[in-house]
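The values are calculated or read from the model by the stated rules, or taken from the named source; none is laboratory data. Just so you know, these numbers come straight off a predicted model, no measurement behind them. In this analysis, Cβ positions are derived from the backbone assuming ideal geometry, glycine residues included, and neighbour counts consider all displayed protein chains.
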Amino acid sequence: MPKTNIPNYRLHKASGQAFVELGGRRFYLGKHGSKASREEYERRIAEYLGNGRKLPPTYTKSGISCQELAVHFLEWAEEYYVKNGHQTESFGHYQRAVAAWVKHYGHESVDAFTPLSLVFLQKQWVEQGYARLTVNFYVGIIKQVFKHGVTFGWVDAHTHFALQAVNNLKAGRTKAREYRKVKPVDAAIVEKTLLFMPPIVADMVRIQRLCGMRPQDVRNMRSCDIDRSGDVWRYVPYTHKTEHLDKHRIIAVGPRAQAILMSYLLEKEDTPEAFLFSPKDSIKLHRIERRRNRKTFNKKGQVQPSQQDRSKPKPKKQPGDQYTKDSYNRAVKHACELAGVASWTPNQLRHSAGTEVRNKYGLEHAQRVLGHANAKTTEIYAELDFEKAAQVAREIG
């Protein structure tokens with residue numbers, strides 16, 4: 001009996017594109033749910049069925065379109081750019097860069113995409129207001145897409161090689177804006193802001209400032225990652241920014257930072273893999289403080305009915321076990337508003353620490369404390385690096 005089923009109109013989640021599979025080949029139709037993609041689907045189905053469920057000869061060539069290559073690449077990127085079970089921010093950048101490319105060249109053959117085509121995209125990103133480094137990053141992504149295509153035989157190697165001729169934008173020689181440099185935050189401003197922070201967030205800020213660590217390093221602190229055998233503790237984050245480059249990160253924790261951490265370590269002694277700084281703990285402390293400061297009671301010394309705890313036993317939105325990048329930033333920003341000082345971010349604390357160490361001990365010690373190791377650094381040098389960082393920690397950390 002002849003086949004009666006019709007290939008479905010489907011969604012490719014990674015790219016948001018609609019597609020249909022005909023004769024063992026996938027065809028991408030445009031944005032899923034759009035009128036244009038539906039019309040393209042109907043056209044291809046009609047041609048496919050009209051040709052006896054076979055692809056027309058013009059569709060059997062080996063070359064693919066830019067849109068097809070884009071989807072293949074995003075399928076790979078969606079799986080590759082995952083860290084600790086979560087999609088990284090990089091994947092969002094890849095989607096945006098590829099979307100602009102597909103918008104202008106989606107239906108063209110990959111081998112028809114020339115260096116001039118890439119220069120056009122480069123100019124488009126500049127006109128849209130992207131910063132110079134972002135434009136350079138997006139140009140690099142398109143080159144990477146074509147390299148991916150060469151790997152699987154979808155793109156001619158000469159096409160990819162030609163795209164390497166497109167240079168990155170140089171500072172001072174382009175209309176593209178520059179990123180504002182992250183500057184250190186003044187210690188006096190930090191001290192004023194600390195007064196308006198939740199106790200746990202305030203301690204995170206103090207620890208980060210004393211140790212010169214990245215915001216994610218203080219958010220990721222766990223008891224099991226801290227070696228307390230020496231006078232200067234060694235904190236080895238279970239994950240860090242440059243781990244995919246096989247770099248090692250050891251953070252020196254001096255006496256002042258140790259004094260702050262001790263109460264958290266004792267509290268989480270039975271759960272060494274729990275994060276030391278938790279939003280759940282912060283909210284719990286806040287509620288205890290509110291009860292302690294309550295001034296209105298009834299004649300029996302009890303809380304008035306209007307002031308009783310009405311929190312839901314199982315609210316839909318619950319505080320997490322760990323501060324996220326956004327929640328940490330929001331807590332600091334809110335404290336700045338309450339303190340009436342200029343807004344600053346946790347990342348500026350790292351710059352403050354680096355500046356202080358460099359001024360007092362020199363550039364080499366600052367590099368060791370901040371973990372700015374050379375790409376060729378080995379585990380042998382990592383030990384030497386820690387000793388230099390430990391010297392600083394003993395005195396200021």
Selected residue (only one of SER90, SER117 is among the hydroxyl-bearing types (Ser, Thr, Tyr), under 19 Å from ASN167 (Cα atoms), without any contact (Cβ under 8 Å) to a residue 60 or more places away in the chain and assigned to a helix (DSSP H, G or I)): SER117
Test: PHE137 is hydrophobic (A, V, I, L, M, F, W, C) and in contact with a Cys (Cβ under 9 Å, 6 or more places away or on another chain): no
Those residues of segment 1-47 which are farther than 25 Å from GLU78 by Cα and assigned to a loop (DSSP other than H, G, I, E, B), in sequence order: MET1, PRO2, LYS3, THR4, ASN5, ILE6, PRO7, GLY23
Answer from VAL190, VAL155 - the residue that is part of a loop (DSSP other than H, G, I, E, B), aliphatic (A, V, I, L, M) and surrounded by 12 or more Cβ atoms within 10 Å (Cβ to Cβ): VAL155
Yes/no for LYS83 being in contact (Cβ under 8 Å) with a residue 12 or more places away in the chain and loosely packed, with under 14 Cβ neighbours inside 10 Å: yes
Residue in segment 124-136 that is farthest from the chain's Cα centre (by Cα), counting only those that are among the polar types (S, T, N, Q) and either under 25 Å from GLU68 (Cα atoms) or surrounded by 14 or more Cβ atoms within 10 Å (Cβ to Cβ) (or both): GLN124
Of all residues in segment 193-211 being aliphatic (A, V, I, L, M) and part of a loop (DSSP other than H, G, I, E, B), the one that is surrounded by the most Cβ atoms within 10 Å (Cβ to Cβ): MET197
Matching residues, segment 188-247, being closer than 20 Å to ASN347 by Cβ, touching a helix residue (DSSP H, G or I) at 6+ places or on another chain (Cβ under 9 Å) and small (Gly, Ala, Ser): ALA202, GLY212
From GLY33, GLY106, residue being touching a Cys at 6+ places or on another chain (Cβ under 6 Å) and modelled with pLDDT of 80 or more: GLY106
Evaluation of SER263 against (1) at pLDDT below 70; (2) small (Gly, Ala, Ser); (3) within 30 Å of GLN391 (Cβ to Cβ) (one fails), failing number: (1)
Condition broken by ARG206, with the remaining ones in (1) over 25 Å from the mean Cα position of the chain (by Cα); (2) under 30 Å from PHE275 (Cβ atoms); (3) basic (Lys, Arg) satisfied: (1)
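Residue by residue, here is whether (1) part of a loop (DSSP other than H, G, I, E, B); (2) at pLDDT 90 or above; (3) assigned by TED's automatic domain parsing to the domain that holds THR193 holds:
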| position | (1), (2), (3) |
| --- | --- |
| THR271 | yes, yes, yes |
| LYS284 | no, no, yes |
| ARG294 | yes, no, no |
| LYS299 | yes, no, no |
| LYS312 | yes, no, no |
| ASN329 | no, yes, yes |
| HIS334 | no, yes, yes |
| ASN347 | no, no, yes |
Residue within segment 212-221 that is of a type in the set (S, T, N, Q), out of contact with any Lys or Arg (no Cβ under 8 Å at 6 or more places or on another chain), surrounded by 20 or more Cβ atoms within 10 Å (Cβ to Cβ) and farther than 19 Å from ASP321 by Cβ present: no
One residue from LEU121, LEU116 being surrounded by fewer than 20 Cβ atoms within 10 Å (Cβ to Cβ) and at pLDDT 90 or above: LEU116
In segment 250-272, the residues that are out of contact with any strand residue (DSSP E or B) (no Cβ under 9 Å at 6 or more places or on another chain) and of a type in the set (A, V, I, L, M): ALA259, ILE260, MET262, LEU266
Single match in VAL145, VAL166 (criterion: surrounded by 16 or more Cβ atoms within 10 Å (Cβ to Cβ), assigned to a helix (DSSP H, G or I) and aliphatic (A, V, I, L, M)): VAL145
Any chance TRP101 is in a helix (DSSP H, G or I) and closer than 18 Å to VAL166 by Cβ: yes
Odd one out for VAL182, checked against (1) β-branched (Val, Ile, Thr); (2) at pLDDT 90 or above; (3) part of a loop (DSSP other than H, G, I, E, B): (2)
